[in-house]
Structures are given as C-alpha cells and as structure tokens.
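Below: the structure, in structure tokens.
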Ligand SMILES: [Fe+2]
C-alpha cells in the first residue's frame, strides 16, 4: 500500500535514578526541606537550577537539544524516574522540579501570568471536564480529541508561534492514555504547495482555542475567548513558521471570504500525512516539541481511574523565543 501510515517512535531518554536522587538532594533541598513549585517563580533561583541541571545531566540535555532543534525530527521524550517510592507527594513535586530545571536550560520560557513561574499548571478533573463541555469549549478537556495544530502564545495582544513547547505530565489518571503525535513540517511533501496557494496574507481571522487555567481547587479560573488576525505562514531564516490553532473563520479582517477550502485541505493533509512520530502518553514523561516546525495532536484519554479527583495534572512551558504572526482583535 503506497499510502500506508509510517509511525516512527520518537526518541525517549530516561534519566539515571541515582543522578536524579543526587540532584534532588543537593540542589532542590534547602535545610532538609524540598523546594516547592512556587519557588520557581524566583528567576535567579530558576536560572541557577537550570545551570546546575545542565551540568548534572549534560549528555542527556545535549541529546534532547539536538533532536528537538533538528527540524527534520523536532520531538523528544524525557522520562523522570521515581525516586521516593514511599512518598508519592514528595516524589511528584521533586519530579516536576527536576523537569522544570531541565526544560529551562533547553528553552527559557515566558512567565505564567498568575504565578510568575516559567510554566503553567493544568489540572483536570471529571467535574472540570463536564464544566468545559457545558460551556461548549471544545478541544481543551482531556476527553476531547485534539487534532493537529501548533501552539500560539499571546503577550500584550501580540500573537506569536513559540519556537519550543515542553509538556510535563505529573500524572495521568486514565487507564487508556493513548499516544501523542508529531508531524514535522519538513515531512509533508505538499507543504510548499500549500504555502504557495495560501500565501503570506496577514489578515486571516481565527477564533483561538481558549486558554484555561486550573487553580488548586480545579475550578476554571478564567476562560479567555480570543479572536486573532494573523498570517498562517511566516518566512523566517531558512524555514517557514506555521500558525495553526483554533477555528479559521473563513474570512479576513475586512470581512472578505477567503480560501476556506485551501485551508481545510492543508489541515487534512497534516492529519493524513503518511509520516508521523508517535510517543506514548504517560506520567512523569516530558515532551519537547519544535513548535515552529511541526504540528502535534493526541489521542483522547479514556477510562479515568477510580478514586482520584484529579484526572490529569501537567505543566506546560512556552519558549520565550517565538515568531510574531499576528495580533488579537476585539470581538
Ligand atoms: Fe497544543
């Protein structure tokens, strides 16, 4: 079959458990007490930890950075081993601290609006999933299918495509967690045809996938519906950055109907690309993505485990380095 799907496993590294233990006990512990995630809002502390982590795990970090910066690959997984079998809370926090120390070496990140940390924490529960569904918000609850897209970031009403994204799953309390998928732009034979036909027009209107922040009580603290005026492609150095997020409204900012079919064809070509990387979703696994040079998607999460109020908790970091593509417009 000529159009068979090639699923290439993404390279995944696992840190050495003794090195991780040593790092936690020498760098993440102060007078015998483990740091908290909130401590990572101290930018000097965060910088120091990222430098210490880069030294402690230098060969792993070099390998990850090499895979992720190579646009032909653009994805890597990193597993943080369990260190404290008898203390799940200490183990979860120390694992997340290690993950963030490493991610901040590879991709210094923008700060979360609420916490000033270089990551945003997302907590999902069955209740919040239901609330999201009731609010009619697609694609953001763990039980929704998330089709191929690139992530955007918004700062001061400016819309950008961040170069890198890191996602660290503290835990996923679903029996069926499925896979995460990655299509490098360079693996799409038709990519340049789409660029030619869609062009570099700067005024396509998109309804962005809302940003949702989970707080400690798992409430939906804020839901920001946003509309953006943006280009889909931007030429940058020797590659083309693609913005692909949310719902294309089928018209430009002057209200003129434009290129709906071309965009649909491009989106379906990403979904039907004959090559993609695949990586299993699991707890304590961090995914690094070259967001400027590819598209990601994931399977639906199914069968929540009994007895856990929080179904998934993850940290998401967005690199400071980014390509500006558009701006937020008033609805
Ligand atoms: Fe995403």
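Would you mind pulling out the separation of the Cα centroids of segment 250-311 and segment 3-67, in Å? After rounding, the separation between the Cα centres reads 26 Å. The fewest-to-most ranking of 257, 183 by surrounding Cβ atoms within 10 Å reads 257, 183. Nearest 10 degrees is fine. How inclined is helix 88-106 to the longest principal axis of the chain, computing both from alpha carbons? The angle comes out near 50 degrees.
Give the whole-number value, in cubic angstrom per residue, of the convex hull volume spanned by the C-alpha atoms of the chain. Please list the in-between numbers first.
On the way: hull volume 47.9 nm³, N = 331.
Residue-normalised Cα hull volume stands at 145 Å³.
Over the residues of the chain, the helix contribution to mean residue ellipticity at 222 nm works out to -8000 deg cm²/dmol, using -39500 (n - 2.57) for each DSSP H run of at least 4.
Would you list 55, 316, 284 from fewest to most Cβ contacts within 10 Å?
Working: 55 12, 316 17, 284 22.
The most exposed by this proxy come first: 55, 316, 284.
Counting only alpha carbon atoms, the long axis of helix 260-271 and the longest principal axis of the chain meet at about 40°. For helix 58-69, report the angle its Cα long axis makes with the longest principal axis of the Cα atoms of the chain; keep it between 0 and 90° and round to the nearest 10°. The angle comes out at about 10 degrees. Result for the chain in a Gaussian network model with C-alpha springs under 10 Å: among 158, 270, 170, the largest mean-square fluctuation is at 158.
Just so you know, all these numbers are worked out from the coordinates, no wet-lab data involved. These numbers come from a predicted model, not from an experiment. Glycine also receives a Cβ, built like all others from the backbone with ideal geometry; neighbour counts cover every protein chain displayed.
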